[in-house]
1. What is the distance, in nm, between label points placed 7 Å from the Cα along the Cα-to-Cβ direction at residue 129 and at residue 11?
2. According to a simple spin-label model (label point 7 Å from Cα along Cα-to-Cβ), what is the distance in nm between residue 352 and residue 119?
3. How large is the helix-only mean residue ellipticity at 222 nm for the chain, computed as the sum of -39500 (n - 2.57) over DSSP H runs with n ≥ 4, divided by its residue count, in deg cm²/dmol to the nearest 500?
4. Between the stretch 189-232 and the stretch 415-447, how far is it from one alpha carbon centroid to the other, in angstrom?
5. What share of the DSSP beta bridges in the stretch 14-139 is antiparallel, in percent to the nearest 5?
6. May I ask you to order 157-170, 427-440, 245-258 by the average number of other C-beta atoms within 10 Å around their residues, highest value first?
7. State the antiparallel share, in %, of DSSP beta bridges confined to the chain, rounding to the nearest 5.
8. When DSSP assigns beta bridges and you keep just the ones with both residues in the stretch 160-385, what percent turn out antiparallel, to the nearest 5?
């Protein structure tokens, strides 16, 4: 962050928001933009230009929390140069740490959790008229009924958009803070989801990702997530619908059947396994077995033969042995994921696992993670090589970053492709043959 600070906007209502973490946070930040713009605020592209700086934080991984807290500390320098600057901490770290943030970082003006965003305009107005040095404001009540379902997040262009369908989580995995930072599960009414998607489609969006900590728990009246995504896929103007994240305990055969029948639903499934050992899964409070998980994978491939698979895996969970880690490697070999998000275990506050001895040495965690990454890189490359020569549709997203004569886009299963420009434009589908693999990106030839 630069040390040179521009003068605040004359109206004192210029806002900069920095977002960390998952797609849900990105969606929430877009919603916050809508709320604040309707209240007369406007957004700028740098903290140095702002009268209000908001940091939307993530607490799922220790690394993400450390990065966010580091940026918050950096903002104290801006506050020293501009005492009228308002600094707000939002999201999961705000919810988890609450008053602790105000005590440790007295330059922070607002601490607001994920269920308190409706009050942001009011809190900012209150703060703007408070004398410098006033105690920070705290809004971290979890609200079971809060869905923000009538607020359509601001879309800033592009062909892809995120749409939240369910908030919160009821699973209470022993390593995870989400139920404590985002509250219990509650599903949006299907009509409000469809209204948002229809609005986005009218603005030129072609690719919608439906979001939730556990989309498979979606329930509204008698509708399941399979009903929800099927209805979304019928919205005119869309080319593709994706979703994230599923839970192995809740994903239904019906959803997999719908994926196989509806060609607008991307043949892509992110299904976190977390570990390949049944004993470790039990300690993680993941209520399924390795065998159950593999049955889901087999069913997914039966209904969607060309499906691409991704997962989340944690290594070095408390008491994990070398043999149990090998079970994870064996599962990765068996499933052959297209991609995987891999992490070292890090203890999170106020979780059940925090009370477990963190007894896997750091150097062992690092070594296991390196082995897992190396294995998955090899499998990902092999899976990509299997795609060469295939013909598929590519959704054009933008100009290729390294060559302005090329388009950048993605296949239905979300593989990156570059293809020579033609008479088409962003948002169009282009039929290509995948002719070359450069790193993890394909080159496509028009057919």
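1. 1.8
2. Placing both labels 7 Å beyond Cα along the Cβ direction yields 3.1 nm.
3. The per-residue figure over the chain is -10500 deg cm²/dmol.
4. 28
5. Percentage antiparallel, nearest 5: 0.
6. 157-170, 245-258, 427-440
7. So the antiparallel bridges amount to about 35 percent of the total.
8. Taking every DSSP beta bridge within the stretch 160-385, about 15 percent pair in antiparallel fashion.
Where a number appears in this text, it was derived from the coordinates with a stated rule and is not lab data. The structure presented is a predicted model; accordingly, all values stated were derived computationally and were not measured. Reconstructed Cβ throughout: ideal geometry from the backbone, glycine too, with neighbour counts over all protein chains shown.
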